[in-house]
Amino acid sequence: MNGIDVSRVDPVVCPLDGRPVHEYLLPAKNHLALLINPDPYPSTPMKPGDAFTVAARTYATLHLLKGPRGALPDDPEIQTLAQIEWRPPVDSQVQPPLVLETEVELPVWLPRWSWPECSAVSLSSELNRQVFSVVRLLAEAMRKGDTGPYIRAAETRFNEVAHAYGQTADQAKSGFAAQWARISAKPGFEIALPSFESMALRIVAGGRVINCVEADFEPM
């Protein structure tokens, strides 16, 4: 959605996914993309892979839906704003990765977010060191039970995500605090420190957003 990866599906582990994307939508024109068979390493999704022959029931679809809060995708009130469908002929050859794209105009009442205004960056050893240093400091604080550094670092995100879903920033922070208290109280709970070796940053949104994941796509 507008260059930000919001969902990853797999025919075995996770063949279907649905999630809200309000904070990634922009006023007016929005760009949607469906990436077929990206490189398995998060940092290099567009690296060419081996061609494969299409088997029966090979397909992928993407739908941008709009509906009342809490409604399921098959609810009669759900509207399809945009969709992409990939249904290749059986036995045809596909050279991955394959990108299918479309654009959709959305109402101008959508807010403007800060991320489109950010400066673009690109992957480098220096960027890896900088990001790892920040994430490590946040993880070390949370290992001690101190979520203050994380909440301060995520101030913009708390504000904008809360606005996207009709909350206040204080409500978003309170929700995080309640979830943290519940999870951290479980026996044996511990925050794992990030590993520099397993870090696999993904640069998205035209270089304006860094997705901090590990090589297995788990968040750092």
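Here are some notes:
- Residues (outside any loop (DSSP other than H, G, I, E, B) and either farther than 25 Å from VAL13 by Cβ or touching a residue at least 12 places away in the same chain (Cβ under 8 Å) (or both)) located in the range 189-220: MET199, ARG202, ILE203, VAL204, ALA205, GLY206, GLY207, VAL209, ILE210, ASN211, VAL213, GLU214
- One residue alone among LEU138, LEU127 is modelled with pLDDT of 95 or more, in a helix (DSSP H, G or I), in contact with a strand residue (DSSP E or B) (Cβ under 8 Å, 6 or more places away or on another chain) and closer than 30 Å to ALA192 by Cβ, and that residue is LEU127.
- Single residue of the range 33-77 satisfying the filter (among the β-branched types (Val, Ile, Thr) and part of a strand (DSSP E or B)) that is surrounded by the fewest Cβ atoms within 10 Å (Cβ to Cβ): THR53
- The single condition from (1) within 29 Å of ASP216 (Cβ to Cβ); (2) surrounded by 15 or more Cβ atoms within 10 Å (Cβ to Cβ); (3) among the polar types (S, T, N, Q) that ASN159 fails is (1).
- Residues (at pLDDT 95 or above and either polar (S, T, N, Q) or not in a helix (DSSP H, G or I) (or both)) located in the range 146-166: ASP146, THR147, ALA154, THR156, ASN159
- Residues that are among the small types (Gly, Ala, Ser) and not in a loop (DSSP other than H, G, I, E, B) within the range 169-188 comprise ALA169, ALA172, SER174, GLY175, ALA177, ALA178, ALA181, SER184, listed in sequence order.
- If you filter the range 84-98 down to residues that are assigned to a strand (DSSP E or B) and in contact (Cβ under 8 Å) with a residue 40 or more places away in the chain, you find that the one that is most open to solvent (accessible area, probe 1.4 Å) is GLN93.
- Residue match in the range 38-52 (condition: farther than 29 Å from SER198 by Cβ, of a type in the set (Ser, Thr, Tyr) and at pLDDT 95 or above): no
- A single member of LEU123, LEU81 is open to solvent by 50 Å² or more (accessible area, probe 1.4 Å) and either basic (Lys, Arg) or over 23 Å from ASN211 (Cα atoms) (or both), and it is LEU81.
- Condition met for LYS173 (at negative phi and open to solvent by 50 Å² or more (accessible area, probe 1.4 Å)): no
- Scanning the range 10-26 for residues that are part of a loop (DSSP other than H, G, I, E, B) and exposed (fewer than 14 other Cβ atoms within 10 Å of the Cβ) returns PRO11, VAL12, VAL13, PRO15, LEU16, ASP17, GLY18, ARG19, PRO20.
- Selection status of SER184, more than 18 Å from the chain's Cα centre (by Cα), more than 25 Å from LEU26 (Cβ to Cβ) and open to solvent by 50 Å² or more (accessible area, probe 1.4 Å): no
The values are calculated or read from the model by the stated rules, or taken from the named source; none is laboratory data. As the structure is a computational prediction, the values presented were derived from the model and not from experiment. FYI the Cβ positions are ideal-geometry reconstructions off the backbone, even for glycines, and counts take in every protein chain you see. Heavy atoms of the whole protein, side chains included, go into the accessibility calculation; ligands, DNA and RNA do not. Shrake-Rupley method; radii C 1.70, N 1.55, O 1.52, S 1.80 Å.
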